[in-house]
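The structure under discussion appears below in the form of structure tokens.
Please treat every number below as a calculation from the coordinates, not as lab data. Treat the numbers as computed from the prediction; the structure is a model and nothing was measured. Reconstructed Cβ throughout: ideal geometry from the backbone, glycine too, with neighbour counts over all protein chains shown.
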């Protein structure tokens, strides 16, 4: 009996020692296990940051209120529409500078065109800007000669897609000393308010 108990006790010691020896290895295996791979979570889509840098082209339509000192032009609101093309550069500080050219047409103008600089500030998807430059006008019914003047205004644009923006713009045109038939000079002014839709090339490149 005593021999049997001694034998069982010896086996117990050997088994306990084996368990103690194996325990550090098992613990190490637990700590060596790698976390689940990010690949297992599937692909993650990251939207590119909104930027106003790049070329753009678009169209616009709105209302035009012309007037002149000699009251030759009917100063009622007229429908006006046309197109624009330009380029922007957005600085790291979110200021945006650019240049734009446009040409528009209405009842009183064979064409009303500008070349303008633009300076604005981008609030993410929204750009608020001021603009000014040189204006060119050709008048219907040969009321005046073709004239060169100046233009100033401002607007707001919002990107509804990376490559598409909608906006609203107001411009004031001034043509001093416009030449009327007979050698008389007149001063012609116009206020234009128009909606804009614009395609941006940087949005196509980001897709």
- Taking a temperature of 25 °C and a viscosity of 0.890 mPa s, what whole-number D in µm²/s does Stokes-Einstein yield for region 54-206 with Rh from Kirkwood over alpha carbon pairs? 153
- Counting every C-alpha pair in region 83-173, the percent lying more than 14 Å apart is 68
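Quick one: 61, 80, 50, fewest Cβ neighbours within 10 Å first, how do they rank?
On the way: 61 13, 80 23, 50 17.
Fewest to most other Cβ atoms nearby, the residues stand as 61, 50, 80.
Please work out the FRET efficiency for the pair residue 141 and residue 65, using the Cβ-Cβ distance as r and a Förster radius of 22 Å; give the result to the nearest 0.05. Present the calculation step by step, with values, prior to reporting the outcome.
Numbers: r = 18 Å, r/R0 = 0.83.
Between residue 141 and residue 65 the formula returns 0.75.
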- Query: What ratio of Cα Rg to 2.2 N^0.38 Å holds for region 52-122?
  - Reply: 1.40
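Out of every Cα-Cα pair in region 138-188, what percent are more than 12 Å apart?
Percentage above 12 Å: 71.
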